[in-house]
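Engineer: Just dropping this structure here.
The values are calculated or read from the model by the stated rules, or taken from the named source; none is laboratory data. Only a predicted model underlies this, so the values are computations on that prediction, with no experimental measurement involved. The accessibility values were calculated without ligands, DNA or RNA, using every heavy atom of the protein model including side chains. Shrake-Rupley method; radii C 1.70, N 1.55, O 1.52, S 1.80 Å.
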Amino acid sequence: MAKEIDEQPVIVKNSINEYIDKISRQINIYNFPWKINQISSIFLVGCGTAYHSCLVAKYWFEEYTNFDVTIDIASEFRYRKINFKNNCLYVFVSQSGETADTYAALDLCKKNKMKTCSIVNVVESSIARDSDFVLPIHCGPEIGVASTKAFLGQMLVLYMLCIKLSFDQKKINKKNYQEKIKNLLSLSNLCKKTLLIDSKIQKASKSFIKAKGSMFLGRGYSFPIALEGALKLKELAYVHAEGYPAGEMKHGPLALIEEGMPVVVLAPRDEYYKKTVSNMQEVIARGAKVLLVTNKSKNEVLSENIWETIEVETLSEDLFPFLTTIPLQKLAYYS
């Protein structure tokens, strides 16, 4: 797993090189089989980590496209009575391309003659073979049971698909389109710098394995990353962890906070920053040990009594999930 976490800057670079023409500054998604006006909605389906990548993508598609966006866990999708629509693109996300529930959901769509696209790491897999269109994530073999580099790869391909469709819909102009491509081209180097944050995370991990449980909080793009961070801790350290939207704390979960409980707060300096810090102060008031994950800034953090602060590199708000994911992977690894 440590090897695969450290491979992520290279994975990001390889994936971007596969999809972006650096000279023309274009995202190339060749042979896309449908015209943009044939699609009015997108349905994203996955399991576990892949589902979390779909959750992040929902924010992107809602922000940058005119599509109605729905997401579902594959094991729920296959047992529901779905109201299939011909103008909907069903996107299936899986590292292996052999995830049984995801394949069953795809099979259900195929039987109903729906438009299907898969985002997979293994292009010879069952899900890839049976989809109308395939977008590989180009991560190479992932041996670790807990997915790390494939998660970044899934998010990256979903983001590039979103930005490409947004430009085709004329939802963003050429200047904004090329600005986003420019940001993508700098992502690999920023991931490499973020990987250097180590000593504080290693020290903090001891508190997580000693605690009865822990919480991961975030708003907006950071909420799915909080879920992913909690999942990684459960998978690897076998300790209880829960991810919540930061604004939901006052609707019940705050009652679980007790003295010394470790709580990870994802609060990059985006439009949600001040609100998330306000939620963090409520948690600190209950005696929790807060591990704040934010990005580097000249401004001071707007809170006191924070246990530890992890600062990632700074980039555009919509790309923060790529950088805030890395400390949480390291936290789970060391725990």
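Engineer: Rounded to the nearest whole Å², what accessible area per residue is found for the chain with the 1.4 Å probe?
Structural biologist: Normalised by residue count, the accessible surface of the chain is 44 Å².
Engineer: A follow-up question, please. Going by alpha carbons, how many degrees (0 to 90, nearest 10) lie between the helix axis of 320-334 and the longest principal axis of the chain?
Structural biologist: 60
Engineer: For region 1-151, what class follows from the C-alpha gyration tensor (a ≥ b ≥ c being the square roots of its eigenvalues): rounded when a/c is under 1.5, otherwise prolate if a/b is larger than b/c, else oblate?
Structural biologist: Verdict is oblate for region 1-151.
Engineer: How many angstrom lie between the Cα centre of region 42-95 and the Cα centre of region 202-218?
Structural biologist: About 31 Å separates the Cα centre of region 42-95 from the one of region 202-218.
Engineer: Further question: Give me the angle, in degrees from 0 to 90, between the Cα long axis of helix 199-210 and the longest principal axis of the Cα atoms of the chain, rounded to the nearest 10.
Structural biologist: So the helix axis and the longest Cα principal axis differ by about 80 degrees.
Engineer: Quick one: pull the percent of accessible area on region 204-335 belonging to carbon and sulfur, 1.4 Å probe, ligands and nucleic acids left out.
Structural biologist: After summing per-atom areas, the C and S share lands at 48 percent.
Engineer: (1) -0.35, -0.70; (2) -0.28, -0.69; (3) -0.46, -1.00: which one is log10 I(q)/I(0) by the Debye sum over Cα atoms at q = 0.07, 0.11 Å⁻¹ as calculated from this entry?
Structural biologist: Derived directly from the coordinates: (2).
Engineer: For each pair in 250/298; 180/296; 170/274; 149/170; 210/274, compute the distance between the two Cα atoms and list the pairs where it is over 28 Å.
Structural biologist: 250/298; 170/274; 149/170; 210/274
Engineer: Further question: Strictly over 20 Å apart at the Cα level, which of 22/182; 58/289; 175/275 would you flag in this model?
Structural biologist: Cα-Cα > 20 Å for 58/289; 175/275; rest within.
Engineer: Can you tell me how region 56-101 classifies by the Cα gyration tensor, rounded, prolate or oblate, using a/c under 1.5 as the rounded cut?
Structural biologist: Judged from the Cα gyration tensor, region 56-101 comes out oblate (a/c at least 1.5, b/c at or above a/b).
Engineer: Now for a separate question. From the Cα gyration tensor of region 186-258, with a ≥ b ≥ c the square roots of its eigenvalues, which class applies: rounded if a/c is under 1.5, or else prolate if a/b is larger than b/c, or else oblate?
Structural biologist: oblate
Engineer: Continuing with this model, one more query. Straight-line reach only, C-alpha to C-alpha below 20 angstrom: list the aspartates and glutamates that residue 81 could link to, leaving out same-chain residues fewer than 8 apart.
Structural biologist: 68, 72, 101, 107
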